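The values are calculated or read from the model by the stated rules, or taken from the named source; none is laboratory data. Here the structure is a predicted model, which means the values were calculated and not measured. Keep in mind that these areas ignore ligands, DNA and RNA; they rest on the heavy atoms of the full protein, side chains included. Shrake-Rupley method; radii C 1.70, N 1.55, O 1.52, S 1.80 Å.
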Amino acid sequence: MKISNEKIIQHEWLKDMRQDEYFPNFLVDKLEAILLRVCYKIEDKKPNDLSALYKLTNEAVEVINDLQQDFADNDSEIETVARDSIGTDFYFIAQSYGFDNADVEDLIANRDW
């Protein structure tokens, strides 16, 4: 499946993390892939309310939660800069698909980072 939303296609993902050598590029790439999978799912499933959107984003957050050990193994962690960058991109996704009332805390509610 190909993403059709132009805002998503042109977006610079996890910008703050990419500019910081503390975060290994290959792990930031994994995070970006997770975020893009959320976009694919939104375009495929077309959630019609915030509850359905939050279900999709929280599934992705579970996958991100599982990456914490990978970050630790590479002398990094999902901390303040990462949390803000990831949260900002989840919010960008919600806004890009018309969920203007999405709450960033609800989008990433089940995070443990």
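For this structure, a couple of remarks:
- Here region 1-22 is the region considered, the condition is being outside any loop (DSSP other than H, G, I, E, B) and open to solvent by less than 20 Å² (accessible area, probe 1.4 Å), and the residue that is nearest to D84 (Cα to Cα) is M17.
- Every residue from region 41-57 that is of a type in the set (F, W, Y) and open to solvent by 80 Å² or more (accessible area, probe 1.4 Å): none
- Among the residues making up region 23-33, those that are in a helix (DSSP H, G or I) and open to solvent by 10 Å² or more (accessible area, probe 1.4 Å) are N25, F26, D29, K30, E32, A33.
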